[in-house]
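Novice: Have a look at the structure that comes next, please.
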Amino acid sequence: MNDTVQSFDIKAIRAQFPILGEKIRGKDLVFLDSAASAQKPRAVIDAMVHAMERQYANIHRGLHWMSERTTEAYEMARDAAARLLNANDRSEIVFVRNSTEAINLLAHSYGRGILKPGQAVLISGMEHHSNIVPWQMLRDSHGIELRVAPITDAGELDMAGTEALLADGRVGLVAITHMSNVLGTYTPAERLVALAHQYGAKIFFDGSQAVVHRRVDVQALGADFYCFTGHKLYGPTGIGVLWGRRELLDAMPPFLGGGDMISSVAYERSTWADVPHKFEAGTPAIIEGIGLNAAIEFVEAIGYPAIAAHEAALTDHALSKLSAIEGITIIGRAQDRGGVISFALDRAHAHDVATLLDRQGIAVRAGQHCAEPLMRRLGLDSTARASFGIYTTNEEIDALADTLGRIREFFA
Amino acid sequence: MFEDVRDLYNAAILERGRRPRHMGKLQAFDATAKGDNPMCGDRVTVWVKFAPGGTIAETGFDARGCEISKASADLMVEAVQGRSPADTKAMFERFRAMAQSGECPACAGFEPLKPLAAVHAYPSRVKCATLPWHALVAALDGAANATSES
């Protein structure tokens, strides 16, 4: 990948997203909810429509032209995901429905298959519910202890507290977000990998947010597992990726049983297909895989240096504009952060803020953001959250800030 | 700006949301329940004291949430005053129908709740308006918890 920042033509990028031309009650759509799910560029839409109109059959099994071509198109997504994460081999890319399924797969196959009762899994105090609940289920069914690394009031990981929880050597797996969906905080991934390995633990990153905003190189990072979901990366819903180091995936038992994941089946005993197919039971999300390939190619064409530079500028601009609003509290003040900003207004509850913003065509999220324990830790019931994508502009952030000021006046 | 939200954020709702008249725990009560919408973070607790005949003598509430849920709780307290549990539940059904449709054909004596009718035009907010009622009905039924998210 080219490391120089390519020219970033925001108009040309926006023109590739048909939905950005939509009006909401007569007003321009200002979409600031990309962290929940991103909008889709023309290339993704066209690739999926093309597959359905011109080139579709079930994959991996047909002996006919349509099946062979569809298999090729679908498997290109595996190559694309391997490139995106710089995986050592395409067989390390396991397709799943979304990040939630990736984590459930890991909790089932690595948690029940490899971890032993008495070992522990370490998560952090800023996880999405999807990286909490599967580990609780593992704890309750398999005698695994669940530990939670503390965070600071600034919304950063408490590294001393994290190390203290690793020190007894009983943690078998660290499962942690790479970027918080509430605070925008990046966790210090390299330091966490070193710490985990120092104390004999493997490490998994939930990259659902991070992979959208910065280059992830799983080999350079030294991670053991990594996941992301297609729909936050400008791709379709229903497809995501779990990456794991090959020898770890080889040692793990399957997750779901059924067609496509077997080598042979007899009533007495069945044998499993090789990685990654061992983890991919049943007809997969074929059209969505083809869409994911197009999404990754779209991101690659712009390039992470340009994406990261654009979003860093947006985030700086937003923090400065929002901080200037009287009565606002920005939640989380991490040094290393990206374009996800949660905030609270003194005079208006987050739901009321979101409803009034919506009437101006501005879409934000409000609530607990699927992170109830984090909200409790921060002493909050609810926040509003603005999150940015590749298509977000400074003018949209200005519209948000201006409208927030007026909302505060409305509730005076 | 915001003239188009005055249907819901009208004077009555804003007044009740900002300065609820009935917020506070009852000193003595016969029934209580919590309403919790964990997805959005709204929480309400209601306390009920019955008159000797079994009608509602007094209701108090505590709410952490948006203007709509607080205003709805405050208006609810007045609307159910003196009503029997069965009557209160019937009123909740009519209120819920009004919140979802904006219409209330069989709502004689319903005027205090009418400021909330416009919530029907804000589908994601209907559950804010109904949460206190779910909590009240739970308390009347002897249940501890309720939600309007499912």
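The values are calculated or read from the model by the stated rules, or taken from the named source; none is laboratory data. The shown structure was predicted, so the numbers you read here are calculated from the model rather than taken from an experiment. Positions of Cβ are backbone-derived with ideal geometry, glycine not excepted, and every protein chain shown enters the neighbour counts. The protein model used for the area step is the full one, side chains on, heavy atoms only, and it has no ligands, DNA or RNA in it. Shrake-Rupley method; radii C 1.70, N 1.55, O 1.52, S 1.80 Å.
Novice: When the residues of region A:211-220 are filtered to those that are in a helix (DSSP H, G or I) and touching a Leu at 6+ places or on another chain (Cβ under 9 Å), which remaining residue is surrounded by the fewest Cβ atoms within 10 Å (Cβ to Cβ)?
Specialist: Ranking the qualifying residues of region A:211-220, first place goes to A:219.
Novice: Among the residues of region A:361-412, which ones are at the interface with chain B (Cβ under 9 Å from one of its Cβ atoms), at pLDDT 95 or above and under 13 Å from residue A:32 (Cβ atoms)?
Specialist: Hit for region A:361-412 is A:403, nothing else.
Novice: Next question, about the same structure. Take the residues in region B:26-67 that are of a type in the set (A, V, I, L, M) and within 12 Å of the chain's Cα centre (by Cα), then tell me which one is farthest from the other protein chains (Cβ to nearest Cβ).
Specialist: That would be B:46.
Novice: Just the residues that are open to solvent by 40 Å² or more (accessible area, probe 1.4 Å) and facing chain A (nearest Cβ under 10 Å), please, taken from region B:7-25.
Specialist: Listed by number, the list holds a single entry, B:18.
Novice: Of A:372, A:396, which residue is more than 30 Å from residue A:9 (Cα to Cα) and open to solvent by 10 Å² or more (accessible area, probe 1.4 Å)?
Specialist: Among A:372, A:396, only A:372 is more than 30 Å from residue A:9 (Cα to Cα) and open to solvent by 10 Å² or more (accessible area, probe 1.4 Å).
Novice: If you don't mind, another one. Taking strands (runs of 3 or more DSSP E) that fall entirely within region B:9-76, which contain at least 2 residues that are more than 15 Å from residue B:145 (Cβ to Cβ)?
Specialist: Result: B:42-50, B:56-64.
Novice: How do the pairs read when you match residues in region A:68-88 that are outside any helix (DSSP H, G or I) with residues anywhere that are polar (S, T, N, Q) and surrounded by fewer than 21 Cβ atoms within 10 Å (Cβ to Cβ), using Cβ under 7 Å and keeping only pairs 6 or more apart or on different chains?
Specialist: Close Cβ pairs satisfying both conditions: A:86/A:219; A:88/A:219.
Novice: To continue, here is another question. Would you confirm whether any residue within region A:302-316 is outside the structural domain of residue A:76 (by TED's automatic domain parsing), more than 20 Å from the chain's Cα centre (by Cα) and open to solvent by 30 Å² or more (accessible area, probe 1.4 Å)?
Specialist: Scanning region A:302-316, I find at least one residue that is outside the structural domain of residue A:76 (by TED's automatic domain parsing), more than 20 Å from the chain's Cα centre (by Cα) and open to solvent by 30 Å² or more (accessible area, probe 1.4 Å), so the answer is yes.
Novice: So, one more: So which residues in region A:150-186 are buried (at least 23 other Cβ atoms within 10 Å of the Cβ) and assigned to a loop (DSSP other than H, G, I, E, B)?
Specialist: A:155, A:178, A:180, A:181, A:182, A:183, A:184
Novice: Let me ask another. Take region B:107-117 and flag every residue that is over 15 Å from residue B:80 (Cβ atoms), free of Cβ contacts under 8 Å to residues at least 40 places away in the same chain and open to solvent by less than 70 Å² (accessible area, probe 1.4 Å).
Specialist: The answer is B:117, and nothing else.
Novice: Just one of (1) open to solvent by 10 Å² or more (accessible area, probe 1.4 Å); (2) away from every other protein chain (no Cβ under 14 Å); (3) among the polar types (S, T, N, Q) trips up residue A:355, so point out which.
Specialist: (2)
Novice: For region B:139-148, check the following and say yes or no: at least one residue is closer than 17 Å to residue B:12 by Cα and open to solvent by 10 Å² or more (accessible area, probe 1.4 Å).
Specialist: The answer is no, given that none of the residues of region B:139-148 is closer than 17 Å to residue B:12 by Cα and open to solvent by 10 Å² or more (accessible area, probe 1.4 Å).
Novice: I need the full set of residues from region A:97-124 which are open to solvent by 20 Å² or more (accessible area, probe 1.4 Å) and out of contact with any Gly (no Cβ under 7 Å at 6 or more places or on another chain), in order please.
Specialist: A:100, A:104, A:108, A:112, A:113, A:114, A:116
Novice: Please tell me if residue A:332 is away from chain B (no Cβ under 11 Å), at pLDDT below 95 and surrounded by fewer than 20 Cβ atoms within 10 Å (Cβ to Cβ).
Specialist: So residue A:332 does not fit the description; no.
One line per residue, one yes/no per condition, for (1) closer than 27 Å to residue A:387 by Cβ; (2) hydroxyl-bearing (Ser, Thr, Tyr):
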site	(1), (2)
A:15	yes, no
A:20	yes, no
A:25	yes, no
A:29	yes, no
A:34	yes, yes
A:46	yes, no
A:50	no, no
A:57	no, no
A:66	no, no
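Novice: Okay, moving on. For residues that are open to solvent by 30 Å² or more (accessible area, probe 1.4 Å) and either within 14 Å of chain A (Cβ to nearest Cβ) or among the aromatic types (Phe, Trp, Tyr) (or both), tally how many sit in region B:68-90.
Specialist: Counting residues in region B:68-90 that are open to solvent by 30 Å² or more (accessible area, probe 1.4 Å) and either within 14 Å of chain A (Cβ to nearest Cβ) or among the aromatic types (Phe, Trp, Tyr) (or both) gives 1.
Novice: Hey, can you tell me all the residues within region A:256-290 that are open to solvent by 40 Å² or more (accessible area, probe 1.4 Å), outside any loop (DSSP other than H, G, I, E, B), out of contact with any Ser or Thr (no Cβ under 7 Å at 6 or more places or on another chain) and over 25 Å from residue A:233 (Cα atoms)?
Specialist: If the condition is that a residue be open to solvent by 40 Å² or more (accessible area, probe 1.4 Å), outside any loop (DSSP other than H, G, I, E, B), out of contact with any Ser or Thr (no Cβ under 7 Å at 6 or more places or on another chain) and over 25 Å from residue A:233 (Cα atoms), then A:265 is the only one that fits.
Novice: Looking at B:74, B:87, B:36, which one is under 21 Å from residue B:144 (Cβ atoms) and either in contact with a His (Cβ under 9 Å, 6 or more places away or on another chain) or not hydroxyl-bearing (Ser, Thr, Tyr) (or both)?
Specialist: B:36 is the lone residue from the list that is under 21 Å from residue B:144 (Cβ atoms) and either in contact with a His (Cβ under 9 Å, 6 or more places away or on another chain) or not hydroxyl-bearing (Ser, Thr, Tyr) (or both).
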